[in-house]
Amino acid sequence: MSSDRYIISAPGKVILFGEHAVVHGKTAIAGSLDELRTYALFEKRIDGYLELNLPDLGLQRAILWPTSILPYNLVNNVETKEGPQKLQFNDILFHKIKSIVSNGQDNQEINHKQQIAASTFLYLYTCLKYNSQTSWDGMTICVRSNLPIGSGLGSSASYSVCLATGLLLAFGYISPPFENKQDFKKSSELINLWAYQAEKVLHGTPSGVDNSVATYGKRRYSVHQWSDSKYKGGFIDMGHHLLNSLGVGHPSLDKVREIAAQYDLHTKLTGAGGGGCAVTFIRNDVPKEKVENVKKDLNASPHCFECYETSIGGHGVGVLDTCISTDLQEFLKSEKNKLAEITGWKRTDEFRMSLRINELRKSIYGSTFLIL
């Protein structure tokens with residue numbers, strides 16, 4: 001299937017346990033956040049320009065580059081389908097891309113986050129365009145997200161997976177629909193491979209967990225299913241205290257735990273710590289009224305914590321039906337809580353491409369609060 005237009009969606013992630021151990025090569029338990037996602041609209045151009053829209057990063061106007069300024073001569077001749085061991089990060093290309101981004105926008109100032117997001121897009125575009133035979137002579141991209149940015153919930157990995165998927169589709173490296181699980185596997189591995197390269201642009205030395213969760217979805221590492229939930233709660237409490245002992249806690253995160261504990265709910269910090277985000281686990285038997293009451297208390301002054309309610313272990317990356325009539329302006333101006341609706345994510349369970357390999361498994365409890 002070829003198209004002049006794609007809408008991609010990839011989930012955020014939460015690391016339940018092991019967020020600091022994983023950067024040292026140890027096992028972590030992580031899951032995708034099905035209701036907190038990034039959405040990317042790709043449209044073909046034939047005028048030789050690249051247009052990038054990042055409204056949720058505070059970019060007031062689109063960034064525009066002619067494709068002719070990209071340093072294709074610096075791209076290594078990489079056979080991208082031979083596996084991760086064949087793909088090395090290109091520092092020379094990266095630094096050249098950074099200079100193009102920082103020097104090329106006279107009509108507006110762009111901050112560090114916007115620059116690094118733009119550099120990630122141009123890096124992947126330059127690498128993948130080099131080896132491709134495509135009629136896409138430029139493209140317009142708009143990226144939207146209802147994920148909080150910089151809060152340890154995988155917003156950058158979700159962005160990376162959307163970019164990698166859209167570019168691989170546009171340049172013909174992958175082409176849904178797939179006929180069997182082997183096709184799914186090869187395409188998802190390629191997406192994850194290039195998303196990991198994007199994460200290197202964004203973070204330098206990523207663990208690879210975030211982009212894997214955003215690609216494959218579900219819960220990436222299994223956890224023992226104790227029959228008695230009190231032991232799970234103790235494990236959650238222990239995890240939080242261990243992270244506090246590492247010096248990555250914060251009084252606000254302890255306050256979240258204190259409020260949730262009044263309702264017999266267990267909470268721990270997630271991500272890098274030092275603030276950011278806490279996760280409160282909601283058992284399947286917790287009444288809805290209790291859930292609403294704890295949210296009300298968390299939202300109340302003087303704390304005013306922002307709450308997101310979501311499930312753990314949902315879909316990974318997907319390409320939505322290109323027949324859906326969402327146009328660029330509607331996509332740009334939509335409220336964040338309407339993105340799933342206008343892109344068709346909520347309207348159908350049948351996507352042109354779904355990279356789900358494993359069967360859906362029940363999460364540790366069922367749903368969770370994410371508190372900022």
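Tabulated results
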quantity: Unmet requirement for GLY166, which otherwise passes all of (1) open to solvent by less than 10 Å² (accessible area, probe 1.4 Å); (2) in contact with a helix residue (DSSP H, G or I) (Cβ under 8 Å, 6 or more places away or on another chain); calculated: (2)
quantity: Test: GLN133 is more than 19 Å from GLU51 (Cβ to Cβ), surrounded by fewer than 17 Cβ atoms within 10 Å (Cβ to Cβ) and without any contact (Cβ under 8 Å) to a residue 60 or more places away in the chain; calculated: yes
quantity: Per-region count, region 144-154, residues surrounded by 24 or more Cβ atoms within 10 Å (Cβ to Cβ) and either in a helix (DSSP H, G or I) or polar (S, T, N, Q) (or both); calculated: 1
quantity: Selection within region 177-199 - in a helix (DSSP H, G or I), surrounded by fewer than 21 Cβ atoms within 10 Å (Cβ to Cβ) and of a type in the set (D, E, K, R); calculated: LYS181, ASP183, LYS185, LYS186, GLU189
quantity: So ILE141, is it surrounded by fewer than 24 Cβ atoms within 10 Å (Cβ to Cβ), within 25 Å of THR67 (Cβ to Cβ) and among the hydrophobic types (A, V, I, L, M, F, W, C); calculated: no
quantity: Members of region 43-66 found to be surrounded by fewer than 19 Cβ atoms within 10 Å (Cβ to Cβ) and within 16 Å of ILE97 (Cβ to Cβ), listed by number; calculated: LEU64, PRO66
quantity: Selected residue (only one of LEU50, LEU33, LEU93, LEU64 is part of a strand (DSSP E or B), at pLDDT 95 or above and either aromatic (Phe, Trp, Tyr) or at negative phi (or both)); calculated: LEU50
quantity: Residue match in region 310-328 (condition: over 22 Å from SER212 (Cα atoms), at pLDDT below 60 and in contact with a helix residue (DSSP H, G or I) (Cβ under 6 Å, 6 or more places away or on another chain)); calculated: no
quantity: Hits in region 16-30 - residues which are open to solvent by 10 Å² or more (accessible area, probe 1.4 Å) and either outside any loop (DSSP other than H, G, I, E, B) or assigned by TED's automatic domain parsing to the domain that holds ILE282 (or both); calculated: PHE17, VAL22, VAL23, HIS24, ILE29
quantity: One residue from ILE141, ILE174 being assigned to a loop (DSSP other than H, G, I, E, B) and in the same structural domain as THR215 (by TED's automatic domain parsing); calculated: ILE174
quantity: Only listed residue being touching a Ser or Thr at 6+ places or on another chain (Cβ under 6 Å) and modelled with pLDDT of 95 or more, chosen from SER158, SER119; calculated: SER158
quantity: Enumeration of residues in region 1-15 that are open to solvent by less than 40 Å² (accessible area, probe 1.4 Å) and in a loop (DSSP other than H, G, I, E, B); calculated: SER3
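The values are calculated or read from the model by the stated rules, or taken from the named source; none is laboratory data. Predicted model only: the values in this text are computed from it and were never measured. Here Cβ is always computed from backbone atoms with ideal geometry, including for glycine, and neighbour counts include all displayed protein chains. What goes into the accessible areas is simple: the full protein's heavy atoms, side chains included, and nothing from ligands, DNA or RNA. Shrake-Rupley method; radii C 1.70, N 1.55, O 1.52, S 1.80 Å.
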